[in-house]
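Asks: Handing you this structure, nothing more for now.
FYI, it's all coordinate maths here, none of it is from the lab. Note that this is a predicted model, so its numbers are computed, not measured. Cβ sites come from the backbone with ideal geometry, for glycine too, and all protein chains shown count toward neighbours.
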Amino acid sequence: MVHKLLLADECDLILIGTQTILKTHPEWEVIEPVRNAKQLLDVAHSHQPKVVLFNQHLDSMVDVLALVERLKHIAPHSRQIVLGNKIDGLLVRDLFACGVVSYLFCGDNLAECLIPALNAAKGKDLYLSPSANAAYLTAMKSPERDWKLNSEARAVLRLLARGLHISEIATQMDVPLRRIYWVRQKLRKRFGANTNEHLLSIAIAEGFAYAD
C-alpha cells in the first residue's frame, strides 16, 4: 500500500534530505513539498495525506500548537509529525495532547529517525527521536507536567505581547482577574521566566507570541 506524505519546511536542505531518504521506501508517495503554513493547510485539505511532517517554526505568526489544531480540523485522519529545534519535554507533552504522533529533534540523525517515525505513524504508535525522548521522560517527572500550554494560556501570551495589562486581558477574555494572574504565573514557570519581559522574550523566540 502506498501512503501519501506531505512535507513542509522553509529549509531546502531538510526537504531534499527527507526526500532522498524516502527514495528507497516506495511505500511513501511524497506530495510536492510546501514552505509555509498556508500552503500546508491548503494541500493537507485537498490531498488528505496519511502523514504530515512539518517544521515547528513554519510560520512566525502561528504557534505550533495552533497549527496542529488547524491541521487536525481540516485533515482529521492525517497523522502529524513535528520536526523541531527545541529539546523541550513539556512541549512534546503538549503536542501529544493535541494529537501529534511523533517529534523529531533536528539535532538527531534524521536518516535514523525518519523511517521509524513514519512506521509508527502508519499504526497507532508514538515515536520520539532520542534527544526528544530523553527530554520528555525528564519533563514527566516535573511538577509542571500536568499543566498544558492550552489555547487560553497562548491567548494570554499573545495579549501580553501586545502590551495589554492584566486587567485589560481579563476584560477582553471575559474571565476573572485572578484567573489571568494564575495563568501568567503558570506561564512564567513553564518558560522559566521571572518577569513579563523575560517571559515574552522566551515566548517570542519559541514562536508562541510575536511582537507587533
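Asks: Among Lys124, Lys4, which comes first, then next, by fewest other beta-carbon atoms within 10 Å?
Replies: Result, fewest neighbours first: Lys124, Lys4.
Asks: On a 0 to 90 degree scale, rounded to 10, what angle separates helix 12-22 from the longest Cα axis of the chain?
Replies: Approximately 50 degrees, to the nearest ten.
Asks: While we're looking at this one, here's another question. Ordered by residue, what ³J(HN,Hα) values in Hz, to whole numbers, does the range 159-165 give under the Karplus form 6.51 cos²θ - 1.76 cosθ + 1.60, where θ = phi - 60° and Gly and Pro are x?
Replies: Karplus-based 3J(HN,Hα) across the range 159-165 equals 6, 4, 5, 7, x, 6, 6 Hz.
Asks: Any idea what the dipole of the chain comes to, in debye rounded to 20, about its Cα centre with Lys/Arg Cβ at +1 and Asp/Glu Cβ at -1?
Replies: Dipole size: approximately 700 debye.
Asks: While we're on this one: Applying the Karplus parametrisation 6.51 cos²θ - 1.76 cosθ + 1.60 with θ = phi - 60° to the phi angles of the range 128-136, what ³J(HN,Hα) value in whole Hz is obtained for each residue in order, glycine and proline being reported as x?
Replies: 10, 5, x, 5, 5, 5, 4, 5, 5
Asks: Still on this model: Please build a GNM for the chain, connecting alpha carbons under 10 Å apart, and tell me which residue among Ser131, Ser167, Ser78 fluctuates the most.
Replies: Ser167
Asks: Kindly identify the range 15-111 as rounded, prolate or oblate by the Cα gyration tensor criterion: order the square roots of the eigenvalues as a ≥ b ≥ c, call it rounded if a/c is under 1.5, otherwise compare a/b with b/c, prolate if a/b is larger, else oblate. Display every interim value, and only then the final one.
Replies: Details: a/c = 1.56, a/b = 1.11, b/c = 1.41.
Oblate, because a/c is 1.5 or more while a/b does not exceed b/c.
Asks: List the residues whose amide H sits under 5 Å from the amide H of Glu29, counting only those 5 or more places along or on another chain, with H placed 1.01 Å from N in the peptide plane.
Replies: When sequence neighbours closer than 5 places are left aside, the close amide H contacts are His3, Lys4, Leu5.
Asks: Would you mind ranking Tyr181, Tyr103 so that the residue whose beta carbon has the fewest other beta carbons within 10 Å leads the list?
Replies: Starting with the residue having the fewest Cβ neighbours, the order is Tyr181, Tyr103.
Asks: I'd like the orientation of helix 64-74 relative to the chain: the angle between its Cα long axis and the longest Cα principal axis, in ° from 0 to 90, rounded to 10.
Replies: The two axes meet at around 60 degrees.
Asks: Between Ser142 and Asp108, with labels modelled 7 Å along Cα→Cβ, what's the label distance in nm to one decimal, could you check?
Replies: Label-label distance for Ser142 and Asp108, simple model: 1.7 nm.
Asks: With axes computed from alpha carbons, what is the tilt in degrees of helix 37-47 against the longest principal axis of the chain, rounded to the nearest 10 within 0 to 90?
Replies: Helix 37-47 sits roughly 50 degrees off the main axis of the chain.
Asks: Neighbouring Cβ atoms within 10 Å as the yardstick, rank Met61, Met173, Met140 fewest first. Walk me through the intermediate numbers first.
Replies: Values: Met61 8, Met173 16, Met140 13.
Final ranking by Cβ density, sparse to dense: Met61, Met140, Met173.
Asks: Please turn the phi angles of the range 179-189 into ³J(HN,Hα) values with the Karplus equation 6.51 cos²θ - 1.76 cosθ + 1.60 (θ = phi - 60°), one per residue in order, whole Hz, x for glycine and proline.
Replies: Listing the rounded values in order: 5, 5, 4, 5, 5, 4, 5, 5, 5, 4, 5 Hz.
Asks: Considering amide H positions built from the backbone, and no H for Pro or chain starts, which residues 5 or more places from Trp147, or on another chain, come under 5 Å of its amide H?
Replies: Under 5 Å from the amide H of Trp147 lies no amide H from a residue far enough along the sequence or on another chain.
Asks: Using a Förster distance of 35 angstrom, determine the FRET efficiency expected from the C-beta separation of Arg70 and Asn194, and round it to 0.05.
Replies: Calculated transfer efficiency: 0.60.
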